[in-house]
1. Could you rank 184, 10, 46 by how accessible they are, 1.4 Å probe, largest area first?
2. Let's see if you can work this out: charge +1 on each Lys and Arg Cβ, -1 on each Asp and Glu Cβ, no other charges. What is the dipole magnitude of the range 1-64 about its Cα centre, in debye to the nearest 20?
3. Which lysines have a Cα lying under 24 Å from the Cα of residue 10, excluding residues fewer than 8 positions away in the same chain?
4. Restricted to Cα positions, what overall size does the chain have along the principal axes? Three whole-Å values, descending.
5. If you line up the long axis of helix 202-225 against the longest principal axis of the chain, both from Cα atoms, how many degrees apart are they, to the nearest 10?
6. What residue among 146, 58, 212 shows peak mean-square fluctuation when the chain is described by a Gaussian network model with Cα springs under 10 Å?
7. Over the range 70-224, what relative contact order in percent results from Cα pairs under 8 Å that are six or more residues apart?
8. Treating only the Cβ of Lys, Arg, Asp and Glu as charged (+1, +1, -1, -1), what charge dipole size does the range 112-226 show about its Cα centre? Round to the nearest 20 debye.
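The values are calculated or read from the model by the stated rules, or taken from the named source; none is laboratory data. Please read these numbers as outputs of a predicted model, since none were measured by experiment. Because the Cβ atoms are built from the backbone with ideal geometry, glycine has one as well, and the counts that use them run over all protein chains shown. The area values use the complete protein model at the heavy-atom level, side chains included, leaving out ligands, DNA and RNA. Shrake-Rupley method; radii C 1.70, N 1.55, O 1.52, S 1.80 Å.
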Amino acid sequence: MTNDIQERIKRLIIDQRLPSGAPLPTETELMELLGVSRNSVREALKALQAMGIVEIRHGFGTYVGPMSMAPMIEGLIFRTVAGHYRGEDSLLQLLELREAVETGLIARLAGRIPEADLAELDAVVRRMEAEAAEGSVRAETDRAFHAALYGSLDNTLLSEVLEAFWDAFHRVRTDLVDVPTDPKVTCKQHREILESVRSGDALRAEEAIRDHFGNIRIRLRSAHSD
């Protein structure tokens with residue numbers, strides 16, 4: 001019953017083309033509209049809230065949620081952590097998932113990134129280099145590079161998925177494994193990715209991405225063996 005009510009509420013949002021933040025009918029109105037009890041409506045709304053589809057603001061009402069990747073991120077994190085403690089190479093598996101997606105996309109970008117985006121990537125790499133000179137590259141700078149790299153594809157869903165993979169990987173890595181880094185190598189590899197896509201050389205761009213992820217993989221395996 002609860003699943004059926006969830007589906008009907010989702011259909012209501014779709015049919016009425018309600019954007020994030022739009023108010024939903026009250027509990028009483030949903031009861032009348034769906035022909036179900038108050039408890040059934042509340043259970044369905046709680047489940048939808050957990051998925052980010054609705055947002056319950058106590059004392060104010062229920063609204064269409066942000067529909068973010070947060071539930072996916074938390075699921076990835078939990079799955080990876082649980083697998084790690086079962087002895088699986090779950091962090092490496094998550095890294096391979098990121099690598100597969102980014103390697104598949106990079107050839108589409110070679111020679112096609114607008115000048116404004118290239119300038120932004122240049123600025124991020126220069127920031128990396130300045131941070132490396134002080135001893136380490138900040139995780140958020142790394143994140144900014146990958147976000148800017150794929151921004152020109154103009155695919156919001158893709159950007160959100162890539163952000164979810166990045167966030168899950170780095171949060172789990174920080175909690176589970178002390179991975180040694182060489183900031184100079186990090187800068188060099190990101191600079192090579194940038195220059196390869198700028199040059200329009202798709203094969204070089206793919207190789208640069210694979211080298212980048214291969215370096216992370218080696219460091220992860222080294223950390224596991226210590």
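1. Details: 184 160, 10 55, 46 115 Å².
Sorted descending by solvent-accessible area, the residues read 184, 46, 10.
2. Numbers: 8 positive and 8 negative charges, 26 e Å.
In total the dipole reaches around 120 debye.
3. Within the straight-line limit of under 24 Å, residue 10 reaches these lysines: 46.
4. 63, 44, 31
5. Taking Cα atoms only, the helix is inclined about 80 degrees.
6. Looking only at 146, 58, 212, the largest GNM fluctuation is found for 58.
7. On the way: 151 pairs, mean separation 57.7, N = 155.
Result for the range 70-224 is 37 percent.
8. Values: 16 positive and 23 negative charges, 65 e Å.
Once rounded to the nearest 20, the dipole reads 320 debye.
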